[in-house]
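Trainee: The structure is given below, and queries will be raised subsequently.
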Amino acid sequence: MPETSPQSTTTQVGGARQNHTTRIGRTYRFEAAHHLPNLPDGHRCKNLHGHNYRVEVIVRGALDSRGFIKDFAEIDAEIEPLLKLVDHRLLNEVEGLENPTAEIIAAWFFARITDCESVRVYENDDCWAEVTGR
Ligand SMILES: [Zn+2]
């Protein structure tokens, strides 16, 4: 596992000394159904419906000897088993997602990804929730 740091890094870039923070991001998608049981009767999101979810994962850290924070393939290796748990599923049946709001889905992914700075979950093009940490 490459060493990472939450701090800004000072490195030589193109011969010039620069303070900066490097982050990488990767976007994933899955499709799933859900309903939000804690909403009052009559709220449309209490009804069973589905979304084409988009999940944006951001990782921050120092560059390793390869010049990577992380190989994107390493992020894929962590995310793909999680996507298998939620893709084409009723999210309410997934452990930890009994009340699958975008906020709780973002926290669910965030807790399961190493060196994760933030996870943003889009329910559609216009609505998202983000969990940030470290
Ligand atoms: Zn919904």
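Readers should treat all values here as calculations from the given coordinates under stated rules, not as data from a laboratory. Owing to the predicted nature of the structure, the values given are computational and were not obtained by experimental measurement. Here the Cβ positions follow ideal geometry from the backbone for every residue, glycine too, while neighbour counts run over all protein chains shown.
Trainee: Surrounded by fewer than 17 Cβ atoms within 10 Å (Cβ to Cβ), more than 9 Å from the chain's Cα centre (by Cα), over 16 Å from Y28 (Cα atoms) and not hydrophobic (A, V, I, L, M, F, W, C): is that true of E98 in this structure?
Mentor: Numbers: surrounded by fewer than 17 Cβ atoms within 10 Å (Cβ to Cβ): yes; more than 9 Å from the chain's Cα centre (by Cα): yes; over 16 Å from Y28 (Cα atoms): yes; not hydrophobic (A, V, I, L, M, F, W, C): yes.
It is true that E98 is surrounded by fewer than 17 Cβ atoms within 10 Å (Cβ to Cβ), more than 9 Å from the chain's Cα centre (by Cα), over 16 Å from Y28 (Cα atoms) and not hydrophobic (A, V, I, L, M, F, W, C).
Trainee: What single numbered condition from (1) touching a helix residue (DSSP H, G or I) at 6+ places or on another chain (Cβ under 9 Å); (2) within 16 Å of the ligand (Cβ to nearest atom) fails to hold for V59?
Mentor: Every condition holds for V59 apart from (2).
Trainee: From the list R54, R89, R112, pick out the single residue that is surrounded by fewer than 20 Cβ atoms within 10 Å (Cβ to Cβ), within 16 Å of F30 (Cβ to Cβ), among the basic types (K, R) and in contact with a Lys or Arg (Cβ under 6 Å, 6 or more places away or on another chain).
Mentor: Of R54, R89, R112, the one residue that is surrounded by fewer than 20 Cβ atoms within 10 Å (Cβ to Cβ), within 16 Å of F30 (Cβ to Cβ), among the basic types (K, R) and in contact with a Lys or Arg (Cβ under 6 Å, 6 or more places away or on another chain) is R54.
Trainee: Additional query: Between a first residue in region 25-37 that is closer than 28 Å to D115 by Cα and a second residue that is exposed (fewer than 15 other Cβ atoms within 10 Å of the Cβ) and basic (K, R), which pairs have beta carbons less than 6 Å apart while being 6 or more apart in sequence or on different chains?
Mentor: Within 6 Å, no pair qualifies.
Trainee: So how many residues does region 39-51 have that are surrounded by 14 or more Cβ atoms within 10 Å (Cβ to Cβ) and more than 15 Å from the ligand (Cβ to nearest atom)?
Mentor: Qualifying residue count, region 39-51: 0.
Trainee: Please specify each residue of region 96-129 satisfying the condition of being outside any strand (DSSP E or B), of a type outside the set (G, A, S), farther than 17 Å from E80 by Cα and out of contact with any helix residue (DSSP H, G or I) (no Cβ under 8 Å at 6 or more places or on another chain).
Mentor: Across region 96-129, the qualifying residues are T101, E103, I104, N124, D125, D126.
Trainee: Related question: Restricting to region 120-134, name every residue that is within 11 Å of the ligand (Cβ to nearest atom) and polar (S, T, N, Q).
Mentor: Passing the criteria: only N124.
Trainee: Then there's this: Consider only pairs whose beta carbons are under 9 Å apart and that are at least six residues apart or on different chains; among these, list those whose first residue lies in region 98-114 and is within 14 Å of the ligand (Cβ to nearest atom) and whose second residue is in a helix (DSSP H, G or I).
Mentor: N99/N92; P100/V86; P100/L91; P100/N92; P100/W108; T101/C45; I105/V86; I105/L91
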